[in-house]
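Read the structure below first, then the notes.
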Amino acid sequence: MKEALAANPERIATLLTEAQRELAEERAAMAHGTNDTANAFAVGTSSNHAHDNSAAAGAAAENSTVTAAAASCDVDATLAAHNALRALHGGNALVWSDECAAAAAQCAAACGARGAMEHSHYSEFKHGQNIYYSSEPRYATEAAAVQMWYDEVNDPGHDHAIIAMQTGTGHYTQVVWRGTTHVGMARDASGCFVVANYSPPGNVEGLFARNVLAEGVAPPTNEIDDVALRASGESVVATRKSSLAGGAADAAEAAEAALTAATIESILRAAPHMRDAAAAALDDAALKVTLTYRPGSLELKVEEMVEGGGRSCRIQSSSWSA
């Protein structure tokens, strides 16, 4: 073989060129890494998407051997990488979640075992999830992974005028999703696969308008604080009163309506699933409309006069992943 190659300098040149090309491609992969497509979650159903800690604990126990092949990322580095970018888009600072980190570790270990990126260990925890890969572990840092996910805003590019999930930018939207409050991040034993799990999950259809803001755009004023409501277990109630006799609202009712207008506007921004129904009711001056908002659900109560002097009441509700 050596003699054949020595007698064929053109073949040697071709082999050298191919080797140089393969080396360049490998270096590019080391420097830039790759990532998989983010997962979106369906909404608008009546199912409860709150965390089931008992189920999560059971899943974690079943996967203890898999998790041993992965380890959590650095907490400070994970939070710093996310929060610096989220601040550009009006997002709150994320808090570390051991539950998210444990689930991410299971996914990272599974990716490492199969040698490929594949989403897992998120649906049973009601998490969002991003995955990153680099063939060179030293490039698979927390900052590199988060930055690559975020850079989808420019390549392929996210159009913030389109209020919906867009092809190729699901990692970016999850990183900046304003409704997400917790993150946990882990890498597999090789250090090449990095996985982040998020709670509550982002990329929820119908909620992009309030959760994915362009850089520098201020969050809406008088916005409902979902984080505080979740922590307190309380709700926000806004009532637009009108004359149930069908006439114009009196001065006291008009004043109360004015006081709740900003709150009603905020509720409708927070719950676009019921915007049309609520707006139609609010446009009818003969109705008394009460909106009760909790993270993940909205109840619309409409009261009106009926023949004979009585009142009718109809209630409509909607729930989603909050």
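The phi torsions of segment 269-284, fed into the Karplus equation with coefficients 6.51, -1.76 and 1.60 and a -60° offset, translate into couplings of 5, 6, 10, x, 4, 10, 4, 5, 5, 5, 5, 5, 5, 5, 6, 8 Hz, rounded to whole numbers, with Gly and Pro shown as x. Counting only the Cα atoms, segment 134-251 fills a convex hull of 164 Å³ per residue. A Förster distance of 41 Å, applied to the separation of the beta-carbon atoms of Ala262 and Asp74, puts the FRET efficiency at 0.50.
Treating each Cα of segment 259-322 as an identical point scatterer and summing with the Debye formula, the log10 of I(q)/I(0) at q = 0.20, 0.23, 0.29 Å⁻¹ comes to -0.76, -0.95, -1.33.
The GluC sites (Glu not before Pro) found in segment 60-164 that occupy coil by DSSP, while having at most 14 further C-beta atoms within 10 Å, are Glu118. The relative contact order of segment 84-223, computed from alpha carbon pairs under 8 Å that lie at least 6 residues apart in sequence, is 39 percent.
Each label was represented as a point 7 Å from its Cα along the Cα-to-Cβ direction; for Ala189 and Cys313 these points are 6.2 nm apart. When you count the other C-beta atoms within 10 angstrom of each residue and take the mean per peptide, 180-190, 288-298, 75-85 line up highest first as 180-190, 288-298, 75-85. Computed from backbone phi, the HN-Hα couplings of segment 234-240 come to 8, 9, 10, 10, 10, 10, 9 Hz, rounded to whole numbers (Karplus: 6.51 cos²θ - 1.76 cosθ + 1.60, θ = phi - 60°; Gly and Pro given as x).
Bear in mind that the values in this text are calculations on the coordinates, not laboratory data. It should be emphasised that the depicted structure is a prediction, and the values quoted were computed from it without experimental measurement. All Cβ positions, glycine included, derive from the backbone under ideal geometry; neighbour counts span all protein chains shown.
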